[in-house]
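For reference, the structure discussed in these notes is given below.
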Amino acid sequence: MSDLYVGGVTFSGDDRDRAHFWGEVFNLGSEPQRWIKVTIRLRDAAGNELAAESDIVGLEWTLPGARNPFHIRFLTPPPGWSSYDITVSGQVHDFADLTAPQPHTGLLVERIHFREMERAGLRCSIVGLLSNKGVAPATHVKVAGTLYGPDGKVVGVLSPYMVPRGVLSAGDSMPFELKYYALGGAVANYTVQVQGRVPMP
């Protein structure tokens, strides 16, 4: 049995005939996973594969007991598909391996506020304050916002890099906004996570 479980999956089409899949990967094991890859295959009624798309989950690390969101798009889904399957793969992360990137433990998101709207295709947004409370600068900082429908399934995911060309210095803070243009349904709840790296020596 795999230690990685996919749940909360929502499928939705849009007005451009694209197919969207939102969901989460749960780490049910005892070891941290890094860069979990999600692959979705569309199949016809006979089970033949018609198309496949892959992407990495929103955040770099998935700790034991944690969840990590994903959003996979088929820009031109094939006609005739009637079912799909999902596979996941990851790599066990070693916190003692100094040759591999290691997570920063001092990053925090606070003053979070969710806003619904209908403006030029913008459906909703999450705003907040990102802070580095640690003693070292942080690189590769990502904030992941996961939106949930009334049934608890995922209906929206964004996970952009916040400081793509630099570092968030120790003690620094910056406002952020996650803007959602594609949703899989009504939003009833949300979570916000943040991760980043300690600079490599």
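The values are calculated or read from the model by the stated rules, or taken from the named source; none is laboratory data. Owing to the predicted nature of the structure, the values given are computational and were not obtained by experimental measurement. Heads up, the Cβs are rebuilt from the backbone with ideal geometry, glycines too, and the neighbour counts pull from every protein chain shown.
If the condition is being farther than 18 Å from Thr87 by Cβ and either acidic (Asp, Glu) or without any contact (Cβ under 8 Å) to a residue 60 or more places away in the chain (or both), then the range 14-25 contributes Asp14, Asp15, Arg16, Asp17, Arg18.
This table checks each residue for (1) free of Cβ contacts under 8 Å to residues at least 24 places away in the same chain; (2) surrounded by fewer than 17 Cβ atoms within 10 Å (Cβ to Cβ).
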| residue | (1), (2) |
| --- | --- |
| Ala136 | no, yes |
| Tyr161 | yes, yes |
| Leu168 | no, no |
| Asp172 | no, yes |
| Leu178 | no, no |
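Please tell me if Gly23 is of a type in the set (Gly, Ala, Ser), within 19 Å of the chain's Cα centre (by Cα) and closer than 29 Å to Pro137 by Cα. Quick ask: steps written out before the conclusion?
Numbers: of a type in the set (Gly, Ala, Ser): yes; within 19 Å of the chain's Cα centre (by Cα): yes; closer than 29 Å to Pro137 by Cα: no.
Taking the combined requirement at face value, the residue does not satisfy it.
Taking the criterion of being farther than 22 Å from Gly145 by Cβ and not charged (D, E, K, R), the residues of the range 33-53 that qualify are Thr39, Leu42, Ala45, Ala46, Gly47, Asn48, Leu50, Ala51, Ala52.
Listed by position, the strands (runs of 3 or more DSSP E) contained in the range 89-201 that have at least 2 residues being closer than 28 Å to Ser54 by Cα and at pLDDT 95 or above are 122-132, 139-148, 154-158, 173-180, 189-198.
Residue by residue, here is whether (1) more than 19 Å from Val38 (Cβ to Cβ); (2) surrounded by fewer than 20 Cβ atoms within 10 Å (Cβ to Cβ) holds:
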position: Leu63; (1), (2): no, yes
position: Asn68; (1), (2): no, no
position: Phe95; (1), (2): yes, yes
position: Ala100; (1), (2): yes, yes
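One residue alone among Ser125, Ser131, Ser89 is touching a residue at least 24 places away in the same chain (Cβ under 8 Å), surrounded by fewer than 15 Cβ atoms within 10 Å (Cβ to Cβ) and at negative phi, and that residue is Ser89.
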